[in-house]
Amino acid sequence: QVQLVESGGGLVQAGGSLRLSCAASGNIFSIRTMGWYRRAPGKSRELVALISSEGLTNYADSVKGRFTIARENGKNTVYLQMNSLKPEDTAVYYCKIQHGSYDYWGQGTQVTVSS
């Protein structure tokens, strides 16, 4: 079994920055893609950023140039550095990992950007 623990959410003013972390623990042997998703109030969950086991990244158009995803394989951790935050970035952010044949999700962390 694999558990994910997220941290780093909070309240920030527009233009500010936050860094989210997601650490995986448990019986881990092979993490493939790691990613961040978000669900804004009244909207469906959407992809924010992905990073492959080789370090290849993919971003939603809405966050390109502002957000950076990174992973630290030795710590089984994925990060999301969020800069130049906008009120429309307000959402619950979830991490997801592909481990073996399964996807695992974090519990979510709230990010609120005030105008």
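The values are calculated or read from the model by the stated rules, or taken from the named source; none is laboratory data. Keep in mind that this is a model prediction, so the values were computed, not measured. Note: areas computed on protein heavy atoms with side chains; ligands, DNA, RNA excluded. Shrake-Rupley method; radii C 1.70, N 1.55, O 1.52, S 1.80 Å.
Using the heavy atoms of the protein chains and a 1.4 angstrom probe, tell me the accessible area per residue for the chain in square angstrom.
52
Provide the per-residue ³J(HN,Hα) series for the range 45-53, in order, calculated from phi with Karplus coefficients 6.51, -1.76, 1.60 and θ = phi - 60°, each as a whole number of Hz, with x at glycine and proline positions.
Values, residue by residue: 5, 9, 6, 9, 7, 10, 9, 7, 5 Hz.
Any idea what % of Cα-Cα pairs in the range 1-42 are farther than 14 Å?
It works out to 64 percent of all Cα pairs.
How long are the three semi-axes of the equivalent ellipsoid for the range 69-115, computed from the Cα gyration tensor as the root of 5 times each eigenvalue, in whole Å, largest first?
25, 13, 7
How large is the Kirkwood hydrodynamic radius of the chain, counting all unique pairs of alpha carbons, in Å? Don't skip to the end; give the middle numbers.
Working: mean 1/r = 0.0711 Å⁻¹.
Roughly 14.1 Å, rounded to one decimal.
At 37 °C and a viscosity of 0.692 mPa s, what translational diffusion coefficient does Stokes-Einstein give for the range 32-72, taking Rh as the Kirkwood radius over Cα pairs? Give it in µm²/s as a whole number.
On the way: Rh = 10.8 Å.
My calculation gives 303 µm²/s for D.
For the range 54-68 and the range 11-53, write down the distance between their C-alpha centroids in whole Å.
Each part reduced to its Cα centre gives a spacing of 11 Å.
How many percent of the accessible area of the range 13-115 is carbon or sulfur, using a 1.4 Å probe?
45
Run down the aspartates and glutamates and flag those whose C-alpha is under 14 Å from the C-alpha of Lys96, throwing out any fewer than 8 positions away in its chain.
Filter leaves Glu6, Glu46.
Explain nothing, just compute: Karplus ³J(HN,Hα) = 6.51 cos²θ - 1.76 cosθ + 1.60, θ = phi - 60°, for every residue of the range 6-23 in order, whole Hz, x for Gly and Pro.
So the Karplus estimates, Gly and Pro as x, are 9, 7, x, x, x, 9, 9, 7, 4, x, x, 10, 9, 10, 9, 10, 9, 10 Hz.
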